[in-house]
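The values are calculated or read from the model by the stated rules, or taken from the named source; none is laboratory data. The structure displayed is predicted, hence computed values, not measured ones. For neighbour counting, all protein chains shown are included, and Cβ atoms are generated from backbone atoms with ideal geometry for every residue, glycine included.
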Amino acid sequence: MAKLIITAALTGAEVGKAQQPALPITPEEIGIAAAECVAAGAAIVHLHGRLADGTPTQDAAVYRQIIEAVRSRCDAIVQVSTGGAVGMTAAERLAPVTLRPEMATLSMGSVNFGNDVFLNAPADMQAFAKAITASGAKAELEIFDAGMMATAKRWLQKGLLAAPAHFDFVLGVPGAMPGTPEALMYLVQQLPEGATWTVAGIGPAQLTLGTMAIALGGHVRVGFEDNIFFRKGELATSNAQLVQRIADVGRLAERPPATPDEARILLGLPRLSR
Ligand code: KMH
Ligand code: ZN
């Protein structure tokens with residue numbers, strides 16, 4: 001099996017410092033966290049913007065500072081969010097793609113998200129797909145629910161999405177597919193030929209489904225966006241601590257972590273010109 005690509009979802013849009021004091025929010029904090037995660041075995045950093053008070057933002061100027069803070073400290077693959085936070089407009093969400101990231105997320109449909117609705121209208125998401133491809137970035141297709149996988153396959157067949165596709169199965173959001181082995185197996189069985197995939201288990205599913213993905217030949221996303229605990233009742237001390245643990249599981253299963261450059265090859269991304 002291929003080496004393990006670990007994505008560190010460092011910040012997200014929902015968690016605050018009140019819940020997780022080590023949450024990186026400023027560009028400098030995010031840059032430092034990214035470098036620590038790469039040293040611990042991460043290849044990709046999934047980025048969200050925040051204002052100084054913690055409010056989520058998709059402002060390109062904020063993302064520019066974050067990307068500079070990351071790139072000046074490590075060679076991680078930079079993946080920007082186009083999901084942003086619930087309630088943002090499509091135009092707002094797409095702004096970071098103008099910064100020529102190597103990857104950008106693309107949510108494959110609408111879904112209840114806790115007590116909110118995460119709206120992803122088909123026309124908007126097709127426009128996002130075009131914009132991501134035009135920017136030179138690779139899309140990571142975010143699958144929160146079963147029907148989104150069928151949509152992704154339909155759009156791939158119609159040429160609305162670039163192939164080979166890379167999927168992220170986000171499992172355990174209240175309102176979406178649960179963080180269970182059965183849910184993951186269902187999605188893995190639907191994968192189109194040549195696709196790569198990663199799993200982002202929410203809360204305790206981060207470790208269980210991550211471990212399962214390692215056995216199945218998939219890849220793993222960890223970090224505070226999806227889970228703030230190291231174990232029940234014990235907060236993680238850093239994003240890197242969560243990366244380190246899943247890297248150790250990968251090594252035990254003969255799937256050592258891929259470096260960013262090894263991950264670029266596995267995902268068909270161009271080498272970073274330095
Ligand atoms: N914050 C969620 C509503 C992504 O980054 O692409 C959406 C999200 C997905 O985080
Ligand atoms: Zn995200």
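In segment 72-98, the qualifying residues are those that are in contact with a Ser or Thr (Cβ under 6 Å, 6 or more places away or on another chain) and among the polar types (S, T, N, Q), and the one that is farthest from ligand 2 (Cβ to nearest atom) is Thr82. Residues in segment 1-18 that are within 16 Å of ligand 2 (Cβ to nearest atom) and at negative phi: Ile6, Thr7, Ala8, Ala9, Leu10, Thr11, Ala13, Glu14, Val15, Gly16. Going residue by residue through segment 113-123, is there one that turns out to be modelled with pLDDT of 95 or more, more than 15 Å from ligand 2 (Cβ to nearest atom) and surrounded by 18 or more Cβ atoms within 10 Å (Cβ to Cβ)? Checked against the condition, which is being modelled with pLDDT of 95 or more, more than 15 Å from ligand 2 (Cβ to nearest atom) and surrounded by 18 or more Cβ atoms within 10 Å (Cβ to Cβ), segment 113-123 yields no hits at all.
Residues in segment 242-274 that are within 17 Å of the chain's Cα centre (by Cα) and under 23 Å from Val173 (Cβ atoms): Leu242, Val243, Ile246.
Would you check if Gly147 is free of Cβ contacts under 8 Å to residues at least 40 places away in the same chain, under 29 Å from Gly217 (Cα atoms), surrounded by fewer than 22 Cβ atoms within 10 Å (Cβ to Cβ) and of a type outside the set (Phe, Trp, Tyr)? It is true that Gly147 is free of Cβ contacts under 8 Å to residues at least 40 places away in the same chain, under 29 Å from Gly217 (Cα atoms), surrounded by fewer than 22 Cβ atoms within 10 Å (Cβ to Cβ) and of a type outside the set (Phe, Trp, Tyr). Candidates Val111, Val45: the one that is in contact with a Cys (Cβ under 9 Å, 6 or more places away or on another chain) and either β-branched (Val, Ile, Thr) or closer than 28 Å to Thr180 by Cα (or both) is Val45. For segment 124-151, filtered to residues that are of a type in the set (Gly, Ala, Ser) and within 16 Å of ligand 2 (Cβ to nearest atom), the residue that is nearest to Glu225 (Cα to Cα) is Ala139.
Residues in segment 156-182 that are hydrophobic (A, V, I, L, M, F, W, C) and surrounded by fewer than 20 Cβ atoms within 10 Å (Cβ to Cβ): 4 in all.
Of all residue pairs spaced 6 or more apart or on separate chains, those with beta-carbon atoms under 8 Å, a first member in segment 114-135 that is under 10 Å from Leu160 (Cβ atoms) and a second member that is part of a helix (DSSP H, G or I) are Pro122/Thr151; Gln126/Trp155; Ala129/Trp155.
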